[in-house]
1. Dividing the Cα convex hull volume of segment 125-173 by residue count, how many Å³ per residue is that?
2. Rounded, prolate or oblate: pick one for segment 380-449, where a ≥ b ≥ c are the square roots of the eigenvalues of its C-alpha gyration tensor, a/c under 1.5 means rounded, and failing that, prolate if a/b is larger than b/c, else oblate.
3. Only one of the listed values, (1) 31.5; (2) 42.8; (3) 29.1, was derived from the coordinates as mean projected area of the Cα convex hull in nm²; which label is it?
4. Toward the positive end of the charge dipole of segment 436-522, about the Cα centre and with charges on Cβ (Lys, Arg +1; Asp, Glu -1), which of His440, Asn453, Val500 goes farthest?
5. So what's the net charge close to Thr433: Lys and Arg +1, Asp and Glu -1, counting the other residues with Cβ under 12 Å from its Cβ?
6. Between segment 240-269 and segment 310-371, what's the alpha-carbon centroid distance in Å?
7. Calculate one ³J(HN,Hα) per residue across segment 441-448 by plugging θ = phi - 60° into the Karplus curve 6.51 cos²θ - 1.76 cosθ + 1.60, and present them in order as whole Hz with x for glycine and proline.
8. Compute the relative contact order of the chain as a whole-number percentage, counting only Cα pairs closer than 8 Å that sit 6 or more residues apart in sequence.
Amino acid sequence: MAASFMLRSSFLSPPSPQLHHQSPSKSNHTIHFINPIKATASTNDAIIPPQKHRRPADENIREEAARRPTSSHNFSARYVPFNADPSSDEWYSLDEIIYRSRSGGLLDVQHDMDALKKFDGQYWRSLFDSRVGKTTWPYGSGVWSKKEWVLPEIDSDDIVSAFEGNSNLFWAERFGKQFLGMSDLWVKHCGISHTGSFKDLGMTVLVSQVNRLRKMHKPVVGVGCASTGDTSAALSAYCASAGIPSIVFLPANKISMAQLVQPIANGAFVLSIDTDFDGCMQLIREVTAELPIYLANSLNSLRLEGQKTAAIEILQQFDWQVPDWVIVPGGNLGNIYAFYKGFMMCKELGLVDRIPRLVCAQAANANPLYLHYKSGWKDFQPVKANTTFASAIQIGDPVSIDRAVFALKNCDGIVEEATEEELMDAMAKADSTGMFICPHTGVALTALFKLRNSGVIGPNDKTVVVSTAHGLKFTQSKIDYHSKEIKDMECRFANPPVEVKADFGSVMDVLKKYLLSKNAKH
């Protein structure tokens, strides 16, 4: 206790957040726009037309953004208790360091929807579309191109971005046709991102806000997270970019080498702890309660503000047509809520007239949400997560369970599970058609197989499977599969190399045999 007190005193621990009981004041701040766009708003909110000019050679894009003509709006956001009673008057500024509500529940970022609704759906569609593919700071990012819906009050100069997002929406033509009899199957490759996973979408928001807090001289000495790999990679990269210390708690010997090397290379302080993810999560929560280290796990609702932009991006890529289904792998379960939130904001603000049905896919070895769903949403019970190739979702006590249940109930959602053999076979099938996916995407594809086979998903349903990480992070699992070295797994779609003698005749023999087998299939 004495040591803990000395540590707290030496860091000037952050003051307790003040509880507010009145609506937040709305202070004007600058919002930068690229193109003039018609909007259903008052003349006082008119967009200033852009001036065509060439940026001077000695001026960077941040400096250019700072001197661009700006328009002032009263967009704002705040923390509120998640799914609170409408009569609740509890809220907190985003500039406060707080992760739980007064009752100990989750928080949510609530936007001033009345201010956003001053502009119609066509305005927002046109504005977001006008920013795609640009290098204008910070709108070249798929996240910050929706800045008004993410962190509307942050100064653009405080943003830490690698121009993340804008990831490929891949038409899985051959996979859909060959394995599922589907014509409109798409895979959203969120792993084609700065650090190779969808976690970049949320981390740019969180680290940007930390950057803002440090400039405000808030007592934040670093940012910490518990991780099964991808969160630590994203956190360490964005913190390194901003010059902010990062601290990572990893479960020892439970993540791939490709995932471990990223935070190390980015200069994070890495602790390899003899426990699982849930144990690391418990420890980081205890540590951040004692030291002025900002908590970066998805308990922190700021990250979900970035992750929700993937849903908006899907709608953009379909020219604002709504898919029938979106399937998302689920571990700590923040992402399924983030997708729901993104789709719902688009509906509420008139960009679309409906939202898709969501499916959350879990590994059978770590399936607390699936068991909860199958019980008819009766009392939730955490599980002891067993080892799974989908290591990033090897979580038995998910922080965002309430968020996930809320999202699924409100979109007529479904939960499915995948055994280890099912997810690895699904991954191998996808890879054989030109993809190179992670095991977590194999979990989502398994859910698709099951729902397609049961007739729940139809052959012509526009369906999006969310791929959460790049396959290059999980090469060892692919090597083990194709080498047929996984215990108690048939590895039916393995494609090992053929050993052959270094002479023309032997090579010709194996090639003829291979080509004849291929020809027989056609």
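1. Convex hull volume per residue, Cα atoms: 93 Å³.
2. Verdict is oblate for segment 380-449.
3. The listed entry that was calculated here is (3).
4. Asn453
5. That works out to +1.
6. Cα centres, segment 240-269 to segment 310-371: 28 Å.
7. Each residue's phi maps through the Karplus curve to give 5, x, 5, 5, 5, 4, 4, 4 Hz.
8. 13 percent.
The values are calculated or read from the model by the stated rules, or taken from the named source; none is laboratory data. The structure presented is a predicted model; accordingly, all values stated were derived computationally and were not measured. Positions of Cβ are backbone-derived with ideal geometry, glycine not excepted, and every protein chain shown enters the neighbour counts. Each accessible area value is taken on the protein alone, full model and side chains, heavy atoms only, with ligands, DNA and RNA left out. Shrake-Rupley method; radii C 1.70, N 1.55, O 1.52, S 1.80 Å.
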